Amino acid sequence: MATYVLILHCAAPCRVTVGAWGDVTLAAGVHLYVGSARRAWRARVNRHMQSTKKLRWHIDYLLAVPEMQIASVWLTQENRECPTAQTLGSLPGVTLPGRRIGASDCRCPGHFLRLDSPLPVIEAPLRAWGFAPLADASETTSFSCRRARRSGVHAPW
Ligand SMILES: [Zn+2]
């Protein structure tokens, strides 16, 4: 079971209908989503980057708005989805845009978070927990998730 953290950038404030959960108002700035994939994490991450797909999970609705772009993806092969969501949620400057978003199947306050602090506030703990950014693992220095997602070309990992 791999656990991943999507670091998302919301370009402008917007309102999103997250399926049956309802409407959530998003502020501009950095957001985080913690997810896991039992087997094919590459396929899962690629799925997040595809702009056209059937909306299934809460995160699908959030990524469907043009304002929301994937800035980077952090991954560990460890099964620690809920502990990661809970610990990130307790860091300074991290808040919940809406309770239980992305956490329908567990008891976490939420797997979708907003980050007001600078990125190092979460990067250091992520590294300590064994996460690494996927872009770093790639030899492609010009790699951009955002461009990959827009053009529909699968990211080179
Ligand atoms: Zn959870």
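Tabulated data
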read-out: Complete set of residues in region 102-128 that are within 11 Å of the ligand (Cβ to nearest atom) and of a type in the set (A, V, I, L, M); value: Ala103
read-out: Qualifying residue in region 59-82 (condition: away from the ligand (no atom under 16 Å from the Cβ), of a type in the set (Lys, Arg) and surrounded by fewer than 20 Cβ atoms within 10 Å (Cβ to Cβ)); value: no
read-out: Single match in Trp74, Trp21 (criterion: closer than 17 Å to Arg127 by Cα and of a type in the set (Phe, Trp, Tyr)); value: Trp74
read-out: Hits in region 85-101 - residues which are more than 9 Å from the ligand (Cβ to nearest atom) and farther than 18 Å from Trp57 by Cα; value: Thr87, Leu88, Gly89, Ser90, Leu91, Pro92, Gly93, Val94, Thr95
read-out: Answer residue from region 30-56, given it is within 23 Å of Phe131 (Cα to Cα), in contact (Cβ under 8 Å) with a residue 12 or more places away in the chain and among the hydrophobic types (A, V, I, L, M, F, W, C) and is farthest from the ligand (Cβ to nearest atom) among those; value: Met49
read-out: Cys108 vs. criteria in contact with a helix residue (DSSP H, G or I) (Cβ under 7 Å, 6 or more places away or on another chain), among the hydrophobic types (A, V, I, L, M, F, W, C) and either exposed (fewer than 14 other Cβ atoms within 10 Å of the Cβ) or farther than 21 Å from Pro133 by Cα (or both); value: yes
read-out: Answer from Arg114, Arg100 - the residue that is assigned to a strand (DSSP E or B), of a type in the set (D, E, K, R) and surrounded by 14 or more Cβ atoms within 10 Å (Cβ to Cβ); value: Arg114
read-out: So Val45, is it within 18 Å of Leu115 (Cα to Cα) and crowded, with 21+ Cβ neighbours inside 10 Å; value: no
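All of the numbers you see were taken from the coordinates with simple rules; none came from a lab. On a predicted model such as this, the values are computed, not experimentally measured, just so you know. Every residue, glycine as well, gets a Cβ built from its backbone with ideal geometry; the counts of neighbours run over all protein chains shown.
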